[in-house]
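Notes to accompany the following structure.
The values are calculated or read from the model by the stated rules, or taken from the named source; none is laboratory data. Fair warning: this is a prediction, and the values are worked out from it, not measured in the lab. Cβ placement follows ideal geometry from the backbone for every residue including glycine, while neighbour counts extend to all protein chains displayed.
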Amino acid sequence: MENLGILSLIIPLFIIIMAIITKDVVVSLLSGIFFGELVIHHFHPLEATIALLDGFVGLFAEGWITKTVLFALLVGAIIRLISDSGGVNAFIEYISKKEKSIDSPKGALLLAYILGVVIFIESSITSLVAGTVAKPLCDKNGVSREKLAFVCDSTSAPICSLIPFNAWGALLLGLIIASIEANIIKGDGVSLLIESILFNFYSIITVILVLLVILFNINIGSMRYAKPHKLEISANKSSNQNKSPLLMILPLVVLITTVPISLYYTGNGDILKGSGSTSVFYAVIASLVFIYLYFVPTKNISHKDYFKSLYAGISDMIPITLILLLAFLIGSVIKELGTANYLAHIMQGNISPIFLPLLIFWVASITSFSTGTSWGTFSIMMPIALSLGASFDIYTPLIIGAVISGGIFGDHVSPISDTTIISSMASGCDHISHVRTQMPYALISAGLASVLYLVFGIIL
């Protein structure tokens, strides 16, 4: 594909702006994908349409995409089973009686925040567990699901990048080591990654900002107008009496603990080399098997109702899964358009060393925002940024931190990001509403991070 220049950037921005304006993600993504295919195929409508359809089907040829889609669908089944068994109501009742400090607007969000910090193994699991556990408490205490989605999203990828003993760390470490082996930079990969955590300014600021938002009930922008949902109590309340909160807690414990075990297994004994998509897929399967073996024999749900809830939960997730698939498809279209290469080309002009960390942060942010992927941004930007940093003799951990921060910020605010979509899904929040309400907070964190990258570009 020839170099499309600014057009390669206009197409993804068109999708993002259209999605925010129309609030219809599916139509926006489909129109953007078609527009992209039209450009790629020299404005032949029939060829563009066929390429769109073939591209959609071709997504399932990628094992990690298929596993991620199944994860999204089966997560709905887990949530539905826990709810239909009476586990959610039992958990709320237990919290109301035993933990008065948690049964409050601030307590419900703090619970989601703490879970987000503690569960740093995989960003999807972090958002899922925090959203599932805190959503009924937020509904009960009049906290909007938009605010819950903001907390879940802001303590998923940022925390995973700050505590990199997970697949995130494995990817970043691999990229750093690749540059060391290519003699682009010098040093020890592990040491450089750990030192770069101090310069991951966006993630650090975001984690602190979220805590301040919770403690002081800070509502800015569209968040001020977000409406809370009413707590939905099951109609068969009498049958849910004397149920144990373990009906909700134990399946989630199985879900969480299966992930590191699966990472260890798929990494052949090295948890850092494990497959994240495979691990979360194994985790939801293990959780569903556990739910059946626990719920059915104890008569908390019948065999027939188990499968009825399973199918209903999968059905609940079909709309969000469609968005997820389209987000993956636009990612492949944008790659073919050469958006990332165009942004990298802009970066490789005449740059003052003082501004280099800041510019790396910005370009990584735009790349991630436009493509909807932080991991893809890391893979593209890390070699380029480290090479530029080495040529200007910039402190290497600062450069690494700028790439990571930019990748996470762009991914954080992009409506086509899988982590943004999963946070909306886990919180039961409208996707575009989540994007709109989260944006002002993310921009504050990015603004402060920009200042710090400029300051450290000067002093280091």
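Of the residues making up the range 23-33, one or more are at pLDDT below 75, within 25 Å of Gly131 (Cβ to Cβ) and of a type in the set (A, V, I, L, M). Just one of (1) crowded, with 19+ Cβ neighbours inside 10 Å; (2) free of Cβ contacts under 8 Å to residues at least 12 places away in the same chain fails for Ser302. It is (1). Scanning the range 347-398 for residues that are within 24 Å of Thr419 (Cβ to Cβ) and of a type in the set (Gly, Ala, Ser) yields Ala364, Ser365, Ser368, Ser370, Gly372, Ser374, Gly376, Ser379, Ala385. Restricting the range 409-435 to residues that are within 10 Å of Ala327 (Cβ to Cβ) and among the small types (Gly, Ala, Ser), the residue that is surrounded by the fewest Cβ atoms within 10 Å (Cβ to Cβ) is Ser417. The helices (runs of 4 or more DSSP H) located wholly in the range 349-460 that include 1 or more residues which are at pLDDT 90 or above and closer than 30 Å to His229 by Cβ occupy 396-413, 431-459. Kindly evaluate Val118 against the criterion of being touching a strand residue (DSSP E or B) at 6+ places or on another chain (Cβ under 7 Å) and not small (Gly, Ala, Ser). Against the criterion (touching a strand residue (DSSP E or B) at 6+ places or on another chain (Cβ under 7 Å) and not small (Gly, Ala, Ser)), Val118 does not qualify. Residue count for the range 41-50 under the criterion of being surrounded by fewer than 18 Cβ atoms within 10 Å (Cβ to Cβ) and aliphatic (A, V, I, L, M): the result is 2. Given (1) among the polar types (S, T, N, Q); (2) under 24 Å from Ala364 (Cβ atoms); (3) at pLDDT 80 or above, identify the lone condition not met by Ser287. Result: Ser287 fails condition (2) only.
Output yes when any residue across the range 142-159 is free of Cβ contacts under 8 Å to residues at least 60 places away in the same chain and either of a type in the set (D, E, K, R) or over 19 Å from Ser368 (Cβ atoms) (or both), and no when none is. No, the range 142-159 contains no residue that is free of Cβ contacts under 8 Å to residues at least 60 places away in the same chain and either of a type in the set (D, E, K, R) or over 19 Å from Ser368 (Cβ atoms) (or both). For the range 91-108, indicate whether the set of residues that are buried (at least 24 other Cβ atoms within 10 Å of the Cβ), among the hydrophobic types (A, V, I, L, M, F, W, C) and in contact with a helix residue (DSSP H, G or I) (Cβ under 7 Å, 6 or more places away or on another chain) is non-empty. Checked against the condition, which is being buried (at least 24 other Cβ atoms within 10 Å of the Cβ), among the hydrophobic types (A, V, I, L, M, F, W, C) and in contact with a helix residue (DSSP H, G or I) (Cβ under 7 Å, 6 or more places away or on another chain), the range 91-108 yields at least one hit. Restricting attention to the range 374-429 and to residues that are without any contact (Cβ under 8 Å) to a residue 60 or more places away in the chain and out of contact with any helix residue (DSSP H, G or I) (no Cβ under 6 Å at 6 or more places or on another chain), the residue that is farthest from Ser203 (Cα to Cα) turns out to be Ser391. One residue stands out in the range 5-14 among those that are modelled with pLDDT of 70 or more and touching a helix residue (DSSP H, G or I) at 6+ places or on another chain (Cβ under 7 Å): the one that is surrounded by the fewest Cβ atoms within 10 Å (Cβ to Cβ), namely Gly5. Of the residues making up the range 275-315, those that are farther than 20 Å from Lys67 by Cβ and not hydroxyl-bearing (Ser, Thr, Tyr) number 13.
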